[in-house]
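The values are calculated or read from the model by the stated rules, or taken from the named source; none is laboratory data. As the structure is a prediction and not an experimental result, all values here were calculated from the model. Cβ: placed from backbone, ideal geometry, glycine included. Neighbour counts: every protein chain shown. Side chains are part of the model used for accessible areas, which takes the heavy atoms of the whole protein and leaves out ligands, DNA and RNA. Shrake-Rupley method; radii C 1.70, N 1.55, O 1.52, S 1.80 Å.
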Amino acid sequence: FERHRRMRDITIERTSSFTELASDPTHASVTVSALKPSIDVETLRGRMRERGYTIGGGYGEWKQSTFRIGHMGDITIESLDAMLNDLEEAARA
């Protein structure tokens, strides 16, 4: 649980300059972050796909405006950091 909480915090911190958290920060999940990017969400997901990542889309009313990053299971902090490096580049391209 602590590792998941730490990865959530890293995700929110590392993406804060080009996204905003889609939910109330006091209720942010420790297993997945829903984020609103500063660019078109499908453009960002496509750029990440080109880099070899599958970034989850949003659900329901948030489908067109958010994407999701999972930070649980066998995902390591190192692999999360590597993906976040690519995500930042993709968001600023």
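Scoring HIS4 on the criteria (1) touching a Lys or Arg at 6+ places or on another chain (Cβ under 8 Å); (2) crowded, with 16+ Cβ neighbours inside 10 Å leaves a single failure, condition (1). The residue that is farthest from the chain's Cα centre (by Cα), among those in segment 28-70 that are of a type in the set (D, E, K, R) and part of a strand (DSSP E or B), is LYS36. Comparison of ALA82, ALA34, ALA28 shows that the only residue that is at pLDDT below 95 and open to solvent by 20 Å² or more (accessible area, probe 1.4 Å) is ALA34.
With the condition kept exactly as written, say whether any residue in segment 53-62 is without any contact (Cβ under 8 Å) to a residue 24 or more places away in the chain, of a type in the set (Ser, Thr, Tyr) and open to solvent by less than 50 Å² (accessible area, probe 1.4 Å). No, every residue in segment 53-62 fails to be without any contact (Cβ under 8 Å) to a residue 24 or more places away in the chain, of a type in the set (Ser, Thr, Tyr) and open to solvent by less than 50 Å² (accessible area, probe 1.4 Å). Of all residue pairs spaced 6 or more apart or on separate chains, those with beta-carbon atoms under 8 Å, a first member in segment 1-27 that is part of a helix (DSSP H, G or I) and a second member that is among the aliphatic types (A, V, I, L, M) and surrounded by fewer than 16 Cβ atoms within 10 Å (Cβ to Cβ) are ARG3/ILE77; HIS4/MET72; ARG6/ILE77; MET7/MET72; MET7/ILE75; MET7/ILE77; ILE10/ILE77.
So which residues in segment 7-22 are open to solvent by less than 50 Å² (accessible area, probe 1.4 Å) and either within 16 Å of GLU78 (Cβ to Cβ) or not hydrophobic (A, V, I, L, M, F, W, C) (or both)? Residues satisfying the conditions are MET7, ARG8, ILE10, THR11, THR15, THR19.
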